[in-house]
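Colleague: For reference, the structure I am asking about is given below.
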Amino acid sequence: MDALRGLTVAAMLVVNTPGDWGHVYAPLRHATWHGCTLADLVFPFFLFVVGVSLTLSLVPRLAAGANPAALSSSVLWRSLRLIALGLVLHAIAYWVFDAEYFRPLGVLQRIGLCVLAAGLLVIHTRPRTQWMIVVMLLFGYWGVMLVGGSFAPLSNLVSRIDAALLGPLAYSFDPATGMAHDPEGLLSSLPAIATTLLGVRVGHWLRSGAANRLALAGAIAIVSGFLWSLVFPLNKNLWTSSYALWSAGWACLALALFHWLIDRRGWPALGRTLGVNAIAMYAGSVGMLYAFIGLGWLEPIYTRGFASWMTPRFGPYVPSLAWALTFTAFWWLIAWWLDRRALHFKI
């Protein structure tokens, strides 16, 4: 699980830090609207692994007689720390750039909300209830979106709620029309919680020795998500129910593969060092990127170190990817150094 989480963070860094946003290979670009690329699988993979880790962390403590109220308090504080860290990073962006970069919602805020909801459900509900909530969230969200009348950009219900509640604080906002959208918006957080809960349930299988279910469950989820997408398109921006099921299916298959190769076959746990410091590495890399941009270092480093000599030889896409890989490798090296010294930062 740590290896999968670490490689997911590595993929997140590669996707988020190209040297040139105008030259990014297609699989590393998010789908413009409907559709799903490799880049679109990164965030749901992380939330799915969050769900698995909640099970592996909380269920043994409950079985050992831990106080549910104390565990609930721990989950609440962890959630608040994640949300606060996300707000701090956005405040730094606001300070470095300008007001349009501050958002009350974002990646870490969504992770915090999912940790809170899924963690409390692990502590206070039974497996059957958790399955029922997954079904209710996915089908309920579909029903609400159908009532909203559109899956199109900006006119869909998710975007209209973002415009009404967030306005200029949303990820994208058009002051002329008042239309807005946030990929980590309020309504679309509901199916994201379902993604996390699917990880919770798979974590129970992993913990109980029923890991042989993982591959079959993943395949069923992928097929079901694809069939659902014929009427409710795959869409990361809206976190559609089909997308939640589709991406969780691939995450389940990935976990099954990692479990078989690493836990059973003894392969090296590639990515583990990033995985045990996942949030710290993500937050640190974002802070570093903001600092480079604010100090005016990013463009000259990229131009002189990569683009100036690579572009004439290989074209503009290779240096853009090379920068992202170098940046990711730098943070992987930091994670390795921290792990060697048993320094694990828990948010």
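Colleague: Quick one: which residues, 5+ away or cross-chain, put their amide H under 5 Å from the amide H of MET179? H built at 1.01 Å from N.
Modeller: Correct list: ASP174.
Colleague: Can you run phi through the Karplus equation (6.51, -1.76, 1.60; θ = phi - 60°) for segment 39-49 and list ³J(HN,Hα) in whole Hz, with x for Gly and Pro?
Modeller: 4, 6, 8, 5, 5, x, 4, 5, 5, 4, 5
Colleague: Going by average Cβ density within 10 Å per residue, which order do the peptides 301-313, 46-58 take, highest to lowest?
Modeller: So the peptides 301-313, 46-58, ranked by packing, come out 46-58, 301-313.
Colleague: Work through the residues other than SER189 whose Cβ is under 15 Å from its Cβ and net out their charges, Lys, Arg +1 and Asp, Glu -1.
Modeller: Local charge sum for SER189: 0.
Colleague: Now a separate question. Positive end of the charge dipole of segment 34-264 (Lys, Arg +1 and Asp, Glu -1 on Cβ, about the Cα centre): tell me which of TRP205, LEU255, HIS90 has its Cα farthest that way.
Modeller: TRP205
Colleague: Can you find, among TRP239, HIS124, TYR141, the residue sitting farthest towards the positive end of the charge dipole of segment 34-264, where Lys and Arg contribute +1 and Asp and Glu -1 at Cβ?
Modeller: Going by the charge dipole, the pick is HIS124.
Colleague: Along the charge dipole of the chain, Cβ charges K/R +1 and D/E -1, which of ALA3, PHE314, MET281 sits furthest on the positive end?
Modeller: Of ALA3, PHE314, MET281, it is ALA3.
Colleague: How big is segment 34-264 along each principal axis, measuring the range of its Cα positions in Å and listing the largest first?
Modeller: Over segment 34-264, Cα extents along the principal axes are 56, 41, 32 Å.
Colleague: Next up: What are the ³J(HN,Hα) values, in whole Hz, obtained from phi via the Karplus relation 6.51 cos²θ - 1.76 cosθ + 1.60 with θ = phi - 60°, for each residue of segment 289-298 in sequence order, with x given for Gly and Pro?
Modeller: For segment 289-298, the Karplus-derived couplings read 4, 4, 5, 4, 5, x, 7, x, 8, 4 Hz, x marking Gly and Pro.
Colleague: Calculate for the chain the 222 nm mean residue ellipticity that helices alone would give, adding -39,500 (n - 2.57) per DSSP H run of length 4 or more and normalising by residue count, nearest 500 deg cm²/dmol.
Modeller: Working: 14 runs with 227 residues, N = 347.
After summing the helix terms and dividing by residue count, I get -21500 deg cm²/dmol.
Colleague: Given just the C-alpha atoms of segment 1-112, how large is their convex hull per residue in cubic angstrom?
Modeller: Details: hull volume 14.7 nm³, N = 112.
Normalising the Cα hull of segment 1-112 by residue number yields 131 Å³.
Colleague: What's the exposure ranking of LYS236, LYS346, going from fewest to most Cβ atoms within 10 Å?
Modeller: LYS346, LYS236
Colleague: Using a simple charge model, +1 on the beta-carbon of Lys and Arg, -1 on the beta-carbon of Asp and Glu, nothing else, what dipole does the chain show about its Cα centre, in debye to the nearest 20?
Modeller: 1180
Every read-out reported here was derived from the displayed coordinates using simple, explicitly stated rules and does not represent laboratory data. What you see is a predicted model; the values in this text were computed from it and never measured. Quick reminder, even Gly has a Cβ in these numbers, built from the backbone with ideal geometry, and neighbours come from all protein chains shown.
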